[in-house]
Amino acid sequence: MADRERLVFISPGEPPKAWESAFRTVAPEIEFLSGKAEIAAPETIEWAVVWKPPQGALAKLTGLKCVFSLGAGVDHVLADSEYPRHVPLSRVVDPYLTSGMTEYVVLHVLAHHRDLFRNLKEQAEARWKPFAAKRADEVRVGILGLGELGLDAARKLVPFGYRLAGWSNTRKSEPGIESFAGLDELPAFLGRTDILVCLLPLTEATSGILNTATFDLLPQGARVINAARGGHLIESDLIDALDTGHLAGATLDVFQQEPLPADSPLWAHPKVVVTPHMAAMTDARSTAMAMAESMARVRRDEPPLNPVDLARGY
Ligand code: NDP
Ligand code: OXD
């Protein structure tokens, strides 16, 4: 048995430095392993901190007490069919992540409402053409997913005066935000939405939810913002809906393939804004602190903070 608890960091392509330093501060008693080299005695590792772990990597760590997703989403962990399902999985819920996402959503909702993209295009052509934006109380914003991130973004949009609604599994009761719940209410939600924001987790039930049938239910000239996962969107369906003029624009932060391939038609599409999966970034210092708190809980046989319901997938 190892004399120190051991933590392995598995995030292919991400330098472990910031996390190693954060854990050195909040949990100096734990041995931090970068997961790059072959690990001796893998059965003595208690904690795994992961982003897109390779298939089967976690199943080999037979002494695991908890797995921590480096993101709010856990689809990248549960994609591993060998995930050891008796081990609790904890995800990131963090004020800096939440405020980062809210900034992104507010920025792009405002940009679509005020058609900043038209201003940029006309500036490039040195054309002076004022146009009137709709009043905010005539603009219907709808958020798919009213969880940690969707709810905060919706609340911060309330003071702008938008007509706000959200769609979730369970009904919410939030001042200024109309609640739609379950698949039966999805068509009515879409039918009243001019700017659609996706902040759902990627699960079997939500995979491909942004498709032609969904877009057809949105009003003519609607806009789509996807800051959740690339797997929510059928990219060719979006391009068709933009090219026929049914949709007026889109902001995409996440893609079926990341990095977005250089030959993707999304890069140069005149109605699409592409950002490279950066809507909200996990803050190593505050998240490592929450993970250390979770470890203390697990040592007391309590669930970690922000546990994922493995059956539900989020
Ligand atoms: P939460 O789990 O807190 O919220 C999920 C919301 O989606 C809940 O309101 C839930 O409903 C709803 N939901 C889930 N499944 C369904 C369904 N089948 N039908 C209707 N509603 C459903 O997640 P977060 O808000 O913390 O994060 C959302 C996602 O954002 C993450 O999973 C991740 O993929 C993405 N993300 C992207 C980032 C980026 O940089 N682009 C950064 C961080 C996160 P209910 O409330 O009823 O359970
Ligand atoms: C997340 C992400 O899920 O960064 O937190 O995408």
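Straight-line reach from Lys172: taking Cα to Cα under 17 Å and skipping same-chain neighbours fewer than 8 places apart, the aspartates and glutamates in range are Glu148, Asp152, Asp184, Glu185.
The loop-placed chymotrypsin sites (Phe, Trp or Tyr not before Pro) in the range 74-153, going by DSSP, that have at most 11 neighbouring Cβ atoms within 10 Å of their Cβ come out as Trp128, Phe131. Considering only protein heavy atoms and a probe of 1.4 Å, how much of the accessible area of the range 96-274 is carbon and sulfur, as a whole percent? Heavy-atom surface of the range 96-274 belonging to carbon and sulfur, 1.4 Å probe: 55 percent. Each Cα pair under 8 Å and six or more residues apart adds its sequence gap; the mean of these over the residue count of the range 96-274 is a relative contact order of 17 percent. In percent, rounded to a whole number, the relative contact order of the chain is 17, using alpha-carbon pairs under 8 Å and six or more apart. The residue among Met289, Ser11, Ser99 whose Cα reaches farthest toward the positive pole of the charge dipole of the chain, with charges on the beta-carbon of Lys, Arg, Asp and Glu, is Ser99. How many angstrom lie between the Cα centre of the range 280-296 and the Cα centre of the range 55-116? Answer, in whole Å: 12.
May I ask you to list the GluC sites (Glu not before Pro) in the range 55-129 that are in a DSSP loop and have at most 16 other Cβ atoms within 10 Å of their Cβ? Present the calculation step by step, with values, prior to reporting the outcome.
Numbers: sites: Glu82, Glu103, Glu122, Glu125; in loops: Glu82, Glu125.
Counting only loop positions with at most 16 other Cβ atoms within 10 Å, the GluC sites (Glu not before Pro) in the range 55-129 are Glu82, Glu125.
Taking 0.36 nm per residue of separation and subtracting the current Cα-Cα distance, fully stretching the chain between Glu178 and Ala262 would add 26.3 nm. Only one residue of Gly245, Ala57, Phe215 has its Cα farthest out toward the positive end of the dipole of the chain, where Lys and Arg carry +1 and Asp and Glu -1 on Cβ, and that residue is Gly245.
Show me the three semi-axes of the equivalent ellipsoid for the range 63-168, from the C-alpha gyration tensor (sqrt of 5 times each eigenvalue), largest first, rounded to whole Å. Each step should come with its number before you reach the end.
Details: eigenvalues 304, 56, 24 Å².
Computed over the range 63-168, the values are 39, 17, 11 Å.
Counting other Cβ atoms within 10 Å of each Cβ, which GluC sites (Glu not before Pro) in the range 151-226 have at most 14 and sit in a DSSP loop? Don't skip to the end; give the middle numbers.
Numbers: sites: Glu178, Glu185, Glu204; in loops: Glu204.
Of the GluC sites (Glu not before Pro), the ones in loops of the range 151-226 whose Cβ has at most 14 other Cβ atoms within 10 Å are Glu204.
Here is the P(r) of the range 96-274: all C-alpha pair distances, binned every 5 Å from 0, give 1, 8, 18, 22, 22, 16, 8, 4, 1, 0 in whole percents.
Ranking Ile39, Ile195 from most to least accessible surface, computed with a 1.4 Å probe over the protein chains only, gives Ile39, Ile195. Using the Cβ-Cβ distance between Arg171 and Ala132 with R0 set to 35 Å, the FRET efficiency from 1/(1 + (r/R0)^6) comes to roughly 0.45.
Between Thr275, Thr25, Thr212, the Gaussian network model of the chain with springs among Cα atoms under 10 angstrom shows the greatest mean-square fluctuation at Thr25.
How much length is gained on full extension from Gln55 to Glu302, taking 0.36 nm per residue of separation minus their Cα-Cα distance? If you can, show how the numbers build up before the last one.
Numbers: separation 247, 0.36 × 247 = 88.92 nm, distance 2.76 nm.
Using 0.36 nm per residue and subtracting the Cα-Cα distance, I get 86.2 nm.
Note on Lys271: lysines with a C-alpha under 26 Å away, same-chain residues under 8 apart excluded, are Lys121, Lys129, Lys134, Lys156.
Mind ranking His86, His246 by accessible surface for me, highest first, 1.4 Å probe? Before the final figure, lay out the partial values.
Details: His86 150, His246 35 Å².
Sorted descending by solvent-accessible area, the residues read His86, His246.
Counting heavy atoms of the protein chains alone, Lys156 has an accessible area of about 100 Å² for a 1.4 Å probe. Just need log10 I(q)/I(0) for the range 200-314 at q = 0.18 Å⁻¹, Debye formula, equal scatterers on the alpha-carbon atoms, no solvent, rounded to two decimals. For the range 200-314 at q = 0.18 Å⁻¹, log10 I(q)/I(0) is -0.93. This model, with +1 at the C-beta of Lys and Arg and -1 at the C-beta of Asp and Glu, gives the chain a dipole about its Cα centre of some 740 debye.
Of the three principal axes defined by the Cα atoms of the chain, the extents in descending order read 71, 42, 33 Å.
Our coupling estimate for the range 73-90, obtained by passing each phi through the Karplus curve with A = 6.51, B = -1.76, C = 1.60 and θ = phi - 60°, is x, 10, 4, 5, 8, 6, 5, 7, 5, 9, 3, x, 5, 7, 8, x, 10, 10 Hz, Gly and Pro reported as x. Relative to its residue count, the range 1-145 spans a Cα convex hull of 170 Å³ per residue.
Sorting Trp47, Trp267 by solvent-accessible area of protein heavy atoms yields Trp267, Trp47, largest first, with a 1.4 Å probe. Distance between the 7 Å Cα→Cβ label points at Leu186 and Lys121: 3.0 nm. Heads up, I need the accessible area for Asp263: 1.4 angstrom probe, whole protein in place, Å², nearest 10. So the heavy atoms of Asp263 present about 130 Å² to solvent.
The values are calculated or read from the model by the stated rules, or taken from the named source; none is laboratory data. On a predicted model such as this, the values are computed, not experimentally measured, just so you know. Please note: Cβ atoms are built from the backbone with ideal geometry, for glycine as well, and neighbour counts cover all protein chains shown. Remember, those area values only see protein heavy atoms, side chains included, never the ligands or the DNA or RNA. Shrake-Rupley method; radii C 1.70, N 1.55, O 1.52, S 1.80 Å.
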